[in-house]
Amino acid sequence: MLRISKRTDLTKKQYIQLRLAAVIMALFTSGIFILIMGQNPAAIYFAMLQGAFGSFYGLRETIIMTIPLVITSLGISTAFKMKFWNIGAEGQIYMGAFAASYFALNHHDMPKPFLLLVMAAASIAGGGLWALIPGFFKARFGTNETLFTLMMNYIAIKWITYLQYGPWKDPNAKGFPIIAAFKETAILPGFMGIHIGLIIALALVALMHIFMYHTKKGYEISVIGESENTARYAGMNVKKIIVAAILLSGGLCGLAGMIQASGVHGTLSVDVSGGIGYTAIITTWLGQLSPALIMLVSFLFAALVQGGSYIQTVFQIPQAAASILQGMILFFVLGSEFFIQYKINFKKEGI
Amino acid sequence: MDAASLAAYAALFLTAAVKAGTPLLYATLGETITERSGNLNLGVEGMMLMGAVAGFQFGLITRNPLFALTAAMLAASLGSLIFAFLTVTLRANQVVSGLSLTIFGAGIAGFIGQKLSGQVVPASVKAWFYPVKIPLLGDIPGIGQILFNHDILIYLSYMLAIGLGIYLFNTRKGLNLRAVGENPAAADAAGIGVSLYKYVHILAGGALCGLGGAYLSLVYVPAWQENITAGRGWIAVALVIFVAWNPYKALLGAFFFGGLDILGLYLQKFDIKVSQYIINMLPYIVTILVLVFTSIKKSKENAPPKALGVPYFREDR
């Protein structure tokens, strides 16, 4: 007979072994699929590695893709810590980008550092407020936040689409539905092709680590996540902390939106996020809400995406193959979680 | 436009709304029974895509609509089987597992669909899905044309919605299912096989999502195009909330959302300049309103299943 019990004795080595085993099994299973489709899996995997790390260009693209993933994941982790299941990062990214773009498009004659700061503040406010709407209803009426935040994503995307095809369409674009490119004053500076968002992301990882593990406010957030009643009994102003944490969560996602618009795309468009908000939920979860782990997982995930777009150009294998591989790795890693949390005892019948 | 032609135009619009709502209806019914078992599967979009591509591919190969539809259901329920295994047996996070399934399903559809681009459904398959007027019912003025002059899959979706409504609210098994979604520990104590119920309904839910996808690729479009579902899976997730996890209401809700989907197109004739993108927001806005009102009124009838999204471990009780 099988008995399942909680596991407490897992060493770090066993943990890493379990994770690695999951990834290897995913590569193996996907390999069979690729083989059936008439391609050589080893060659494809090697090419993906090469695409992600093998050249300066590839590595740079991987890093640029890691930046918004890390920042968004940090935002999501703040909400998840409170067991506020914010899956609305995608919408918060778009609304942050929207708020920043408003200033970039209309007030580009401000001095550059000042404009960039205004844009960053606007994006944090935009994303934060977008998260606060479901947050308010959750705190006040207990409205299901998972479903609410999910719906908010689609409203945000349709809103940006509306702007891009309607009032914000660039009249000089010969009828193409695009928003005018930002002026130089609204573009994030960079070095060697990597925008300054990298430094922001690294700083945020350090700050969030300190905030979550070494400050009173950070501790209060995790207490609320464990038990709201305990927090109330300890004299915390639960509603106020929830609101502040949700603003922080959405604000960070919004900031990621500004960084994408200003540092990567050079303007606002419906492609500014392109699913980062959803991918970040996955990286947050796999990173176990820990800033350092989130950074690692985001980097690996970005490498997977970058490697995927590389095999498309080199092997003419559709990028979809990389999505299959992504899905497969996620399935196995999610499955391995079980063996990390629980152990299975085989016992003889009749005990 | 005079009154008679306006009425005819409105009937034309409503007929198209029913058709546009059908893929949503299948997916919504599928997600409804899935969520009734307490599992929030956000992989609807991925499962619809898997169903769409499998149905289309098998329709091309076998030229037989039954094989095509079976393949669509099997493919999508295979996807939901992965979700069920992860979330029920291995107790993984439901949101993350569902999102992963969407990535995976989109990957499968994109990979296989790459060779299908531009192909059209064979005539022998198409012939099966021509509109058939139902005798008597189809002759009722107005309603007859709007509801009873359609293809066979639309009639099947009516029957399915009503059948699932009866199943859910008037049978023993339906009661058990609702108990599993509301309070799995109590259901377990009452001798209901919680995991079995979850597996069966997640798999059946997946099959229905697959049918919804196949309706798009085989009947609605009917040709292969990349990302053929275009977010309809997410609309279905919204619709489940809008209709309060109720198959009967899903019937009306799907046609309402289907109507919103094509409204902009039909408004052009009147020179009404409402952006389709703003109209496209409406399904989500009304869904949020429903969600908020149910929580304010604390209405039990329209609230989400209590244990939705919460994994059940007997050992943790």
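Observations on the model:
- Looking only at residues of the stretch A:160-179 that are at the interface with another protein chain (Cβ under 7 Å from one of its Cβ atoms) and in a helix (DSSP H, G or I), we find that the one that is surrounded by the fewest Cβ atoms within 10 Å (Cβ to Cβ) is A:Tyr165.
Residue by residue, here is whether (1) in the same structural domain as A:Gly257 (by TED's automatic domain parsing); (2) buried (at least 24 other Cβ atoms within 10 Å of the Cβ) holds:
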residue	(1), (2)
A:Leu49	no, no
A:Phe56	no, no
A:Met65	yes, no
A:Leu69	yes, yes
A:Thr72	yes, yes
A:Thr78	yes, yes
A:Asn86	yes, yes
A:Gly91	yes, yes
A:Ala104	yes, yes
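- Residues of the stretch A:99-111 that are over 11 Å from A:Phe182 (Cβ atoms) and touching a helix residue (DSSP H, G or I) at 6+ places or on another chain (Cβ under 6 Å): A:Ala99 alone.
- Boolean, B:Leu177 is within 22 Å of B:Ala76 (Cα to Cα) and without any contact (Cβ under 8 Å) to a residue 12 or more places away in the chain: no
- Count of the stretch A:235-266 residues which are modelled with pLDDT of 90 or more and at positive phi: 1
- The set of residues in the stretch A:301-333 that are within 7 Å of chain B (Cβ to nearest Cβ) and either under 17 Å from the mean Cα position of the chain (by Cα) or assigned to a loop (DSSP other than H, G, I, E, B) (or both) comprises A:Pro318, A:Ser323, A:Gln326, A:Gly327, A:Leu330.
- Checked against (1) more than 14 Å from chain A (Cβ to nearest Cβ); (2) within 24 Å of the chain's Cα centre (by Cα), B:Pro135 meets all criteria but (2).
- A single entry from B:Thr32, B:Thr22 fulfils the requirement of being hydroxyl-bearing (Ser, Thr, Tyr) and closer than 25 Å to B:Gly264 by Cα: B:Thr22.
- Taking the stretch A:106-149 as the range and being within 14 Å of chain B (Cβ to nearest Cβ), modelled with pLDDT under 90 and either within 22 Å of the chain's Cα centre (by Cα) or farther than 20 Å from B:Val237 by Cα (or both) as the test, the residues that pass are A:Ala139, A:Arg140, A:Phe141, A:Asn144, A:Glu145, A:Thr146, A:Leu147.
- Residue satisfying all of: in the stretch B:94-127; at pLDDT below 90 and either of a type in the set (Phe, Trp, Tyr) or at positive phi (or both); farthest from the chain's Cα centre (by Cα) among these: B:Gly118
- Checked against the criterion of being crowded, with 20+ Cβ neighbours inside 10 Å and either farther than 30 Å from A:Tyr165 by Cβ or modelled with pLDDT of 80 or more (or both), the candidates B:Leu282, B:Leu252, B:Leu291, B:Leu267 yield just one match: B:Leu291.
- Single match in A:Arg60, A:Arg3, A:Arg19 (criterion: of a type outside the set (Val, Ile, Thr), in a helix (DSSP H, G or I) and in contact with a strand residue (DSSP E or B) (Cβ under 7 Å, 6 or more places away or on another chain)): A:Arg60
- Lone qualifier among B:Val292, B:Val219 - being in contact with a helix residue (DSSP H, G or I) (Cβ under 6 Å, 6 or more places away or on another chain) and within 11 Å of chain A (Cβ to nearest Cβ): B:Val292
- Restricted to the stretch B:189-225, and to residues there that are over 19 Å from B:Leu308 (Cα atoms) and aromatic (Phe, Trp, Tyr), the residue that is surrounded by the most Cβ atoms within 10 Å (Cβ to Cβ) is B:Tyr215.
- Scanning the stretch A:63-104 for residues that are assigned to a helix (DSSP H, G or I) and β-branched (Val, Ile, Thr) turns up A:Ile63, A:Ile64, A:Thr66, A:Ile67, A:Val70, A:Ile71, A:Thr72, A:Ile76, A:Thr78, A:Ile93.
The values are calculated or read from the model by the stated rules, or taken from the named source; none is laboratory data. Everything numeric in this text was worked out from a predicted model, so none of it was measured. When we count neighbours, we look across all protein chains shown, and the Cβ atoms used for this are built from the backbone with ideal geometry, even at glycine.
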